[in-house]
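Single-structure report; data block below.
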Amino acid sequence: MQMLFQRKLKIRFLFLLFLALLVHLVMDFALPTTHRSCGCDTKASKATGVLSGSPMPASLKKLSLRILQDFSGSNGSLEKSSQPERAGLHLRAGEPGVQQQHEEANAEWTRGSKLAALFEHPLYNIPVPEVTEKDKLFIVNPMEKFSLRSSGSDEWVSSSKAETLLPTGKTAYDTYPTWLKFHIGINRYELYPRRDPLLPTLLRDLATQRIISSVQKSGGTQLKLIMTFPNYGQALFKPMKQTRDQETPIDFFYFSDFERHNAEIAAFHLDRILDFRRIPPVSGRLVNITKEIRDITTDKKLAKTFFISPAGNVCFYGECSYYCSTEHAVCGKPDRLEGSMAALLPDKTLAKRRSWRSPWRRSYHKSKKAEWELNPNYCDQVRETPPYDSGHRLLDLIDMAILDFLMGNMDRHHYETFEKFGNDTFLLHLDNGRGFGTHSRDEPSILAPLHQCCSIKKSTYLRLQLLATQPYRLSDVLREALAADPLAPVLAEPHLQALDRRLEKVLVAVGHCLARTPFPSEHLPKSPRNFL
């Protein structure tokens, strides 16, 4: 009996081995050889959604960073692509996927692109004047470290009180968060360098850093929030109020229009393409109204303005001069909300800024006109008025007028400068939310400083001519720059096409001035300093 039992056991064991071999052979013949890859390829393909061994299309790389795939018409796309599992940018800060995706997007949009070629052009490599200690906004103590207390609070800790030691070989500067490095890099000549290695990281931080506080920014006619991050960085959040293809009605006054979050994003990239570099970095972001604003705000006035709309969406409106009411509320889908996140400049207690009334400021009245609209020789008296009677301040103002004309922004009533640098410094191009409101019509009055003064920087003129050529066409390079933003597409296509049309009008205006009278040498400066 024992021998019989052992024989049956061996037969069953051999039968099972034969069955396993048969199944393996069937699977080998049934599956294509392209699907038999190593486990590492399988894991890599799962992370990207592409079959292992096949190249990833550029469109899919872009898609991995897009929160909104198509936002040309309505909020409907929020429902299709705003879920965390579909949008790579919803990964929390510190997770490995965030940095990898951002770096891949940067590589995709700079390798072999018109934008990369533009920044390699000699006109974008003019040397910056030597920056001395007095030309820096901040003089940094090389021993000062940035660390976080173990209690969980976020604050500066001096080197004598630091609770953590720096890793061997690192300097104090390495402990600074990116926003602080951005502040330290500001100097008399530029807000940030042309080839700033910090820029991609700063934009990523604006789009992905965890928000620990949301309060309303005081002042202004429309709702804006100050967002705070765990590393003490802060950003100005402007929520979406209009869709990308919604034009400003022709009967609206410029001061009655809503500010646009996508205009702030596009303005930053346009300012950089023009090589002004006078707008703080801005990134698009999709926020959760419930978790990232309502539940964490300490602003009691703001907290009182939250409500649920009849459609079941979370809304709020805050308190401000004009457009803060239930009729002008900001609503999510149901609590997802687009907005622009702009890096804040250093606090005014640390770096004072002076606000200047623009000589070409509009009247902000429904029937009255400003003096410059009535006096064709208005520029003559501006030239005799400090600080426009010397230096390059007037030329910088004309740069700003060209930027505004390209965007269609009529709301430039003031500008600011850093007080430390006096009159010999660049202008800050802040508050650009009323740009890109129209694409079907242009506003020639924005170019009044150029028309009336017939002056322009030589460097600006040459770059504008370059951006009007096919290899570096303005609409193409801006489209590329905006494609890497989390809220791409940032601008509707007609706005990009309008840029080329408006650029031609700027060049025609300069051409008329040249034909009428040659520019004096000081209006076409040749020194590196005035080329900025």
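Computed values, structure above
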read-out: From Leu203, Leu199, residue being in contact (Cβ under 8 Å) with a residue 12 or more places away in the chain and in contact with a Ser or Thr (Cβ under 7 Å, 6 or more places away or on another chain); value: Leu203
read-out: Enumeration of residues in the range 197-244 that are in contact with a strand residue (DSSP E or B) (Cβ under 6 Å, 6 or more places away or on another chain) and among the hydroxyl-bearing types (Ser, Thr, Tyr); value: Ser213, Ser214, Thr228
read-out: Residue within the range 254-266 that is polar (S, T, N, Q), surrounded by fewer than 23 Cβ atoms within 10 Å (Cβ to Cβ) and modelled with pLDDT of 95 or more present; value: no
read-out: Tally of residues being of a type in the set (D, E, K, R) and part of a loop (DSSP other than H, G, I, E, B) across the range 306-338; value: 3
read-out: Selection count, the range 128-185, where residues are modelled with pLDDT of 60 or more, part of a loop (DSSP other than H, G, I, E, B) and over 25 Å from the mean Cα position of the chain (by Cα); value: 15
read-out: The range 439-473: number of residues that are exposed (fewer than 15 other Cβ atoms within 10 Å of the Cβ), among the charged types (D, E, K, R) and modelled with pLDDT of 95 or more; value: 0
read-out: Residues (in contact (Cβ under 8 Å) with a residue 60 or more places away in the chain, assigned to a helix (DSSP H, G or I), open to solvent by 10 Å² or more (accessible area, probe 1.4 Å) and over 19 Å from Glu247 (Cα atoms)) located in the range 475-506; value: Asp476, Glu480, Ala481, Ala483, Lys505
read-out: Test: residue in the range 278-285 that is under 21 Å from Gln216 (Cα atoms) and open to solvent by 30 Å² or more (accessible area, probe 1.4 Å); value: no
read-out: So Ile273, is it open to solvent by less than 20 Å² (accessible area, probe 1.4 Å), modelled with pLDDT of 95 or more, in contact with a Gly (Cβ under 6 Å, 6 or more places away or on another chain) and not small (Gly, Ala, Ser); value: no
read-out: Subset of the range 376-413 (residues that are within 31 Å of the chain's Cα centre (by Cα), charged (D, E, K, R) and at pLDDT 95 or above); value: Arg393, Asp396, Asp399, Asp404
read-out: Selected residue (criterion: surrounded by the most Cβ atoms within 10 Å (Cβ to Cβ)) from residues of the range 306-357 that are over 21 Å from Pro280 (Cβ atoms) and within 23 Å of the chain's Cα centre (by Cα); value: Leu337
read-out: Meets criteria (of a type in the set (S, T, N, Q), open to solvent by less than 10 Å² (accessible area, probe 1.4 Å), under 25 Å from His183 (Cα atoms) and out of contact with any Gly (no Cβ under 8 Å at 6 or more places or on another chain)) for Thr425; value: yes
read-out: The listed residue being aliphatic (A, V, I, L, M), open to solvent by 30 Å² or more (accessible area, probe 1.4 Å) and over 18 Å from Thr297 (Cα atoms), out of Leu198, Leu180, Leu191; value: Leu198
read-out: Single condition Glu373 does not satisfy, out of (1) at pLDDT below 95; (2) in a loop (DSSP other than H, G, I, E, B); value: (2)
read-out: Cross-chain or 6+ apart pairs with Cβ under 8 Å, the range 234-251 first and in contact (Cβ under 8 Å) with a residue 24 or more places away in the chain and within 22 Å of Pro281 (Cα to Cα), then aromatic (Phe, Trp, Tyr) and open to solvent by 20 Å² or more (accessible area, probe 1.4 Å); value: Gln234/Trp179; Lys241/Phe258
read-out: Elements of type strands (runs of 3 or more DSSP E) in the range 212-293, at least 1 residues being more than 23 Å from Asp485 (Cα to Cα); value: 213-216
read-out: Residues satisfying the stated conditions in the range 443-476, i.e. touching a helix residue (DSSP H, G or I) at 6+ places or on another chain (Cβ under 7 Å) and β-branched (Val, Ile, Thr); value: Ile446, Ile456, Thr460
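Every residue, every condition in (1) outside any helix (DSSP H, G or I); (2) open to solvent by less than 40 Å² (accessible area, probe 1.4 Å); (3) among the hydroxyl-bearing types (Ser, Thr, Tyr), yes or no:
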position	(1), (2), (3)
Ser390	yes, no, yes
Asp396	no, yes, no
Leu430	yes, no, no
Arg434	yes, yes, no
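The values are calculated or read from the model by the stated rules, or taken from the named source; none is laboratory data. Because the structure is a prediction, the values reported are computed rather than measured. In this analysis, Cβ positions are derived from the backbone assuming ideal geometry, glycine residues included, and neighbour counts consider all displayed protein chains. Just so you know, the surface numbers come from the protein's heavy atoms only, side chains and all, with ligands and any DNA or RNA stripped out. Shrake-Rupley method; radii C 1.70, N 1.55, O 1.52, S 1.80 Å.
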